[in-house]
1. Label residue 74 and residue 46 with points 7 Å out from Cα along Cα→Cβ: what is the distance between them in nm?
2. Using alpha carbon coordinates only, what is the Rg to Rh ratio of the stretch 25-126, with Rh defined as the Kirkwood radius?
3. Got a sec? What order do 69, 26, 123 fall in by accessible area at 1.4 Å, biggest, i.e. largest, first?
4. With labels modelled as points extended 7 Å from the Cα through the Cβ direction, what inter-label distance (nm, one decimal) is found for residue 123 paired with residue 101?
5. What does the charge count near residue 57 come to, summing +1 for each Lys or Arg and -1 for each Asp or Glu among other residues with Cβ under 15 Å from its Cβ?
6. Would you mind counting up the charge near residue 42? Only other residues with Cβ under 12 Å from its Cβ, with Lys and Arg at +1 and Asp and Glu at -1.
Amino acid sequence: MRSQKEEENNINSDDSSNIIDQGNFIIGLWRGFHESEGLTVYYGYQFRSDGSFLARHRIYQNRESVEDITWQGEWQFKDNTLKLKGFNSKDKNQLATLEFKLTDTFKLAYETGSLSDNYKKMILNKLGQISFQF
């Protein structure tokens, strides 16, 4: 038999056991939308395991599409920060950089980047089940 003290030490002996595998957590489909200044802004992202991403941003005003851009590029996740570098799939000269922070509710909140001000309120929610590795 083990004492309670030994059991507590074993439970807490590996601090990393309570941390999600962040790289695997990011992989998958994320989306969201918000309204701002008479516009409705939709966004969806697919983060792939090879470090690439595909994203679509759409902006509507009075149910009319005023912007529809597909982005693709590379992502990197470190210290709760997701960094993206990509280009417009229709105009490879149009580049974008973005940074998201992983929130305590496991959402990705836009922090900074080269996107227009219409995207400042962007928050991504992961689709499907959230799986943690304990």
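The values are calculated or read from the model by the stated rules, or taken from the named source; none is laboratory data. The shown structure was predicted, so the numbers you read here are calculated from the model rather than taken from an experiment. Glycine also receives a Cβ, built like all others from the backbone with ideal geometry; neighbour counts cover every protein chain displayed. Note: accessible area is taken over every heavy atom of the protein model, side chains too, but ligands, DNA and RNA are not part of it. Shrake-Rupley method; radii C 1.70, N 1.55, O 1.52, S 1.80 Å.
1. Computed distance between label sites residue 74 and residue 46 equals 2.1 nm.
2. Radius of gyration relative to Kirkwood radius: 0.95.
3. Descending order: 123, 69, 26.
4. So the label points at residue 123 and residue 101 sit 1.3 nm apart.
5. Its environment carries a net charge of +1.
6. 0
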